[in-house]
1. Do we have A271 as in contact (Cβ under 8 Å) with a residue 24 or more places away in the chain and surrounded by fewer than 17 Cβ atoms within 10 Å (Cβ to Cβ) here?
2. For the range 153-179, enumerate the residues that are in contact with a helix residue (DSSP H, G or I) (Cβ under 6 Å, 6 or more places away or on another chain) and in contact (Cβ under 8 Å) with a residue 40 or more places away in the chain.
3. Collect the residues in the range 102-152 that are within 15 Å of E171 (Cα to Cα) and in contact with a Ser or Thr (Cβ under 9 Å, 6 or more places away or on another chain), keeping them in residue-number order.
4. Can T275 be described as in a loop (DSSP other than H, G, I, E, B) and polar (S, T, N, Q)?
5. Out of everything in the range 150-170 that is under 20 Å from the mean Cα position of the chain (by Cα) and under 22 Å from C97 (Cβ atoms), what residue ends up being surrounded by the most Cβ atoms within 10 Å (Cβ to Cβ)?
6. If we keep just the residues of the range 372-395 that are of a type outside the set (A, V, I, L, M, F, W, C) and modelled with pLDDT under 85, which is nearest to E330 (Cα to Cα)?
7. Contact list please: Cβ distance under 6 Å, first residue in the range 180-200 and touching a residue at least 40 places away in the same chain (Cβ under 8 Å), second residue among the polar types (S, T, N, Q) and buried (at least 24 other Cβ atoms within 10 Å of the Cβ), pairs at least six apart or on different chains.
8. Cβ-Cβ distance below 6 Å, separation of 6 or more or different chains: which pairs start in the range 109-124 with a residue that is under 20 Å from Q149 (Cβ atoms) and end on one that is in a loop (DSSP other than H, G, I, E, B) and among the β-branched types (V, I, T)?
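The values are calculated or read from the model by the stated rules, or taken from the named source; none is laboratory data. In this text, all values refer to a predicted model and were calculated from it rather than measured experimentally. Backbone-built Cβ (ideal geometry, glycine too); neighbour counts: all protein chains shown. Only protein heavy atoms, including side chains, enter the accessible area calculation; ligands, DNA and RNA are left aside. Shrake-Rupley method; radii C 1.70, N 1.55, O 1.52, S 1.80 Å.
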Amino acid sequence: MQKLRLVNPTALSLPAAAIVLLIVSTRLRGSFFGTYSPGDAAIPSGSGHQVVSNSTSAVAGRVPEGCDIFRGEWVPDDGAPYYTNRSCAFIQEHQNCMKYGRPDLGFLRWRWRPDGCELPRFDAARLLQVVRNRSMAFVGDSLARNHMQSLVCLLSKVEYPTDISTTDNQEFRTLYYESHDFTLSIFRSPFLVKANLSDNDPDHGLWNLYLDEPDDAWLPFVSGADYIIISAASWFTHPSLFYEAGGRLVGCKSCGVPGVPELTLRYSLRAAFRTALRAITTLKGFTGTVIVRTLTPTSHFEGGEWDKGGDCRRTRPYAARVGVAGQDLELHEAQVEEFAAAKEVARGMRMMLMDTTAAMVLRPDGHPSRYGHWAHENVTLYNDCVHWCLPGPVDVWNEMLLHMLLAAA
């Protein structure tokens, strides 16, 4: 079986999105594990809500065939969370909401219940057994990293990995679970395609996107992966110039450049996913499984935009089922349609859709907000309503992932 190639990227490392906390007093250094440290917050014994007892089917077993795990509701739960910031030392500071004093921890005591069935709880030993002698690569932006770090925390109950990365760049890490011969990697590529800051307006974040050229930051390194989990969305909201057909400027999004037609971020996201999926499905030597995870909501800011005082201070899921709408709906539709088109063409290759959007749009309470740093630190802060606290609702992505891997086995 081919091994996932270790990464030593030479491509440009893209800066963090503006919606993330911008730490100006410190920078990430050292190993992947040395970057993160547990705090001293504790989980409350109860959430204050009426609790649904753990049913046997929620604890173990498989989802019945035909049950859609991506449509359902969040219900109170006395069994969550799987870990805390005390028990998992791999939580990135910006998502370590407990360490930095988030006062309401009831948001941790909910679980996702699909319509008509139960989603089994995460079983670290079972997942590691499924992926024994295999490799998995996450490709995408900082939410892909959020997803991977949730998985590392969940698996830490059984085994701690060794950081075997060949680069000091914290955005490109490779971890190895020796007891299970399982390799786990993360490749940062916010647009999935080649991108760089434009000379036309570098000070204001205008990007050049080469929509028909896959990003060399990840593509050359994943041919030996058994699983590639690909995702991206939020960076496409940035002002951008769009290039296709060998570098020809075809349009832009919010660029303000005279004579350049205004297109949409749906256009750029659709084209980028089409390019990335085509690149994977035609990648020489790749015989693994492609998993496309749909976008996380960008609509949880309240009281203003992300850079105009918007925040997410809710303390529990939406009581009513809130549908995906607006920009989130447009981007979700584009992702689903491009996945379906790629799957139709790449017959014989295993492709799966992890459609997390409907579940996550119901969790405005699960973001770090202002709890990603100490109050006295010298930081420039935008309230983070895009990433997810760890532990938190994002852990359901790995419950879904385990089900998908078991169903495909």
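1. Working: in contact (Cβ under 8 Å) with a residue 24 or more places away in the chain: yes; surrounded by fewer than 17 Cβ atoms within 10 Å (Cβ to Cβ): no.
Considered against the rule, which asks whether it is in contact (Cβ under 8 Å) with a residue 24 or more places away in the chain and surrounded by fewer than 17 Cβ atoms within 10 Å (Cβ to Cβ), A271 comes out as no.
2. L154, K157
3. The answer is A137, F138, V139, G140, D141, S142, L143, A144, N146, H147, M148.
4. The answer is no for T275.
5. S150
6. Looking only at the range 372-395, we keep the residues that are of a type outside the set (A, V, I, L, M, F, W, C), and these are 372-373, 376-378, 380, 382-384, 387, 391-393, 395.
Among the residues that remain, those that are also modelled with pLDDT under 85 are: 372-373, 376-378, 380, 382.
Numbers: G372: 30, H373: 33, H376: 40, E377: 38, N378: 37, T380: 31, Y382: 25 Å.
Ranking the candidates gives Y382 first.
7. T183/S135; S185/T174
8. Between residues of the range 109-124 that are under 20 Å from Q149 (Cβ atoms) and residues that are in a loop (DSSP other than H, G, I, E, B) and among the β-branched types (V, I, T), the close pairs are A124/V158.
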